[in-house]
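Okay, structure first, notes after.
What follows draws every value from the coordinates through simple rules; no lab data is involved. Quick caveat, the model's predicted, so the values are computed rather than measured. Here the Cβ is made from the backbone with ideal geometry for all residues, glycine too, and neighbour counts use every protein chain on show.
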Amino acid sequence: MCGTAIESPMRIRLRFDLVKGAGLRRPQFFIPDAPTRHLDGKGYYVTTGIAPDLMQAAKDAVRDMIDYLGKEYGLEPPLAYALCSVAVDLRISEVVDAPNWVVSAYLPRSIFR
């Protein structure tokens with residue numbers, strides 16, 4: 001969301017396959033398992049944004065999450081924003097009720113003790 005990341009030293013091994021003639025317009029990839037399964041144990045706190053524009057709905061969902069993190073955990077807005085950038089998943093929840101697009105921000109509760 002804000003470009004903040006968590007850097008850590010590590011070693012990884014990657015394997016890439018070149019599929020000639022695939023004709024893909026944009027990158028695609030496969031994940032063999034749920035990427036956040038280890039975070040699901042305590043559920044999620046979710047905020048939503050509803051707007052006629054998906055980007056505005058996403059911004060509203062993140063703003064509400066920043067407010068929640070401030071009220072619930074005492075985080076200052078810049079720190080809450082950075083936390084959202086590394087821990088919150090944005091998901092498009094609804095696009096069928098035009099122009100009321102819904103974007104949800106999912107915060108895994110397991111990141112807190």
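What full-extension length gain, to one decimal in nm, is calculated for ARG15 and ASP97 as 0.36 nm per residue of separation minus the Cα-Cα distance?
Additional length available on full extension: 25.4 nm.
Does a label point 7 Å from the Cα of ARG26, set along Cα-to-beta-carbon, have any residues of the stretch 42-82 with amide nitrogen under 15 Å, and which are they?
Of the residues in the stretch 42-82, 54-55 have backbone N under 15 Å from the label point off ARG26.
Obtain the nm distance between the two label points defined at ASP67 and ARG113 by a simple spin-label model: each point lies 7 Å from its Cα along the Cα-to-C-beta direction.
3.0
Taking Cα atoms, how many degrees apart are the long axis of helix 54-73 and the longest axis of the chain, rounded to 10 and kept between 0 and 90?
60
Of ILE50, PHE30, LEU14, which is farthest on the positive side of the dipole of the chain, counting Cα position, with +1 on Lys and Arg Cβ, -1 on Asp and Glu Cβ, and the Cα centre as origin?
LEU14
Here are several values of log10 I(q)/I(0) by the Debye sum over Cα atoms at q = 0.17, 0.19 Å⁻¹: [x] -0.90, -1.06; [y] -0.98, -1.10; [z] -0.76, -0.91. Which one was derived from the coordinates shown?
Checking each listed value against the structure points to [y].
In debye, nearest 20: dipole of the chain around its Cα centre with unit charges on the Cβ of K, R (+) and D, E (-)?
620
If I fit a long axis through the Cα atoms of helix 77-87 and take the longest principal axis of the Cα atoms of the chain, what angle between them do I get, 0 to 90°, rounded to 10?
30
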